[in-house]
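For reference, the structure is listed below as structure tokens.
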Amino acid sequence: NIKIISQPGFIHFSVQNKLFAQPTNIERTGIGIENTKKRLLALYPEKHLLEIAETDAVYKVQLILYS
């Protein structure tokens, strides 16, 4: 599920994925997420909110960009 809301003063993106079983030998480094956080800090300092959550069955990302 992808949802985008554009209002005066902000844009709100939210994405929700169903998690699938991963083979046990795959390592995740999280480099992409860390790079995204660094870019947000550089491009939208104090004008963004990024929340990432994972439950047993769902991965959720919410990003709000403020003007």
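Table for the structure above
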| read-out | value |
| --- | --- |
| Candidate set: region 56-67, residues that are touching a Leu at 6+ places or on another chain (Cβ under 9 Å) and open to solvent by 80 Å² or more (accessible area, probe 1.4 Å); chosen: the one modelled with the highest pLDDT | Y66 |
| S14 vs. criteria at pLDDT 95 or above, open to solvent by less than 60 Å² (accessible area, probe 1.4 Å) and among the hydroxyl-bearing types (S, T, Y) | yes |
| Count of region 18-45 residues which are modelled with pLDDT under 95 and either under 21 Å from Q7 (Cβ atoms) or in a loop (DSSP other than H, G, I, E, B) (or both) | 12 |
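The values are calculated or read from the model by the stated rules, or taken from the named source; none is laboratory data. Keep in mind it's a predicted model, so treat the numbers as computed, not measured. Quick reminder, even Gly has a Cβ in these numbers, built from the backbone with ideal geometry, and neighbours come from all protein chains shown. Heavy atoms of the whole protein, side chains included, go into the accessibility calculation; ligands, DNA and RNA do not. Shrake-Rupley method; radii C 1.70, N 1.55, O 1.52, S 1.80 Å.
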